[in-house]
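J.: Below is one structure. I have some questions about it.
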Amino acid sequence: MDLIRIDTEDKFALNGLLWEPEKKGNAMVVLVPGATTGAALVAMHDYYPMATALNAAGYSFIVANMRASYNYPYAVYADAVKDIAGFVAYAKTNGYARIAIVGISLGGPRMARYMAERDDPAIKAVAFVASIPSPYLEFQIRSAEKDKKRLEDTLKRARKLVAQGKGLEAIAFENWFPDGRHFMVSAQAMLGFFGSPEDDAPSSVGYGDKIKVPALVLHGDKDELSLPPNAQTIYDSLTASPRRELIWVQGASHYLTPGKIAESYARHLAGWIGRNMPV
């Protein structure tokens, strides 16, 4: 594994983690991470089995780092498009002519927006791994009515602050995640990441019909955050894909936890990419 640096088109420096097989070819897989931070490394996900499986099949593999990880309470969601473009440009510069993009969790909406806005012919396949349609939409599926109302009230407050020119004022939201974790972001980031469709917030399903390459939805049947109906919603949105497939990872939760779950995600992903973007 190597630590790499890339520069985005707007001159923002980012790091990524690169694994290359012994015999380097021209096929690269770029993983776009999830969470608001978009951090390349988080304790919940073990990417080593994925890197190992892809390298063994002849693919180079990058785990990208989003700029949101450096200042996430004030992050701008749309910047992810420029970040992904930077890693794609790095791949091309280093001789990779065929690229697959994998979005995990919130990385799915990040990747879908990139595909819709850039329409890059070098991208030959995409995969949504443990993905969500959007933070707002997945919250609607798994939350009680009182929590849905709590979110709507928080979004109303954020919209008011932004309209008053106070978009950098902090807003906290308790118990967003099933394990009771909270978060605090600026009002503008609250709308940008957790807002409803009217707020131009993240959405994979909103861009699903713009994805015109083979697409995989790879989802754990025990996902406790992005409940299984989310996977079907994403799959159903991919109406322009020439080949789409929904694969369930038996017994898997939302996270690529070390051991058999991370290994199962890796095996399914590497096998599907091998069939749809052969080395």
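J.: Determine if segment 22-32 includes at least one residue that is surrounded by fewer than 22 Cβ atoms within 10 Å (Cβ to Cβ), in contact with a Lys or Arg (Cβ under 7 Å, 6 or more places away or on another chain) and either over 17 Å from GLY107 (Cβ atoms) or touching a residue at least 60 places away in the same chain (Cβ under 8 Å) (or both).
T.: Scanning segment 22-32, I find at least one residue that is surrounded by fewer than 22 Cβ atoms within 10 Å (Cβ to Cβ), in contact with a Lys or Arg (Cβ under 7 Å, 6 or more places away or on another chain) and either over 17 Å from GLY107 (Cβ atoms) or touching a residue at least 60 places away in the same chain (Cβ under 8 Å) (or both), so the answer is yes.
J.: Based on what the data block shows, is ASP83 among the charged types (D, E, K, R) and out of contact with any Phe, Trp or Tyr (no Cβ under 8 Å at 6 or more places or on another chain)?
T.: For ASP83, the condition - among the charged types (D, E, K, R) and out of contact with any Phe, Trp or Tyr (no Cβ under 8 Å at 6 or more places or on another chain) - is not met.
J.: Where in segment 169-279 are there strands (runs of 3 or more DSSP E), lying fully within it, with 1 or more residues that are surrounded by fewer than 17 Cβ atoms within 10 Å (Cβ to Cβ)?
T.: 170-173, 183-186, 244-249
J.: If you take just the strands (runs of 3 or more DSSP E) that sit entirely in segment 1-94, which of them hold at least 3 residues that are within 19 Å of the chain's Cα centre (by Cα)?
T.: 13-19, 27-32, 60-64
J.: State all residues of segment 77-118 that are buried (at least 24 other Cβ atoms within 10 Å of the Cβ), more than 14 Å from GLY34 (Cα to Cα) and of a type in the set (Phe, Trp, Tyr); if no residue qualifies, say none.
T.: Within segment 77-118, PHE87, TYR114 meet the criteria.
We did not get these values from a lab; they are worked out from the coordinates using the rules stated. All values derive from a computational prediction rather than experimental measurement. Using ideal geometry, Cβ is built from the backbone for each residue, glycine included, and neighbour counts are taken over all protein chains shown.
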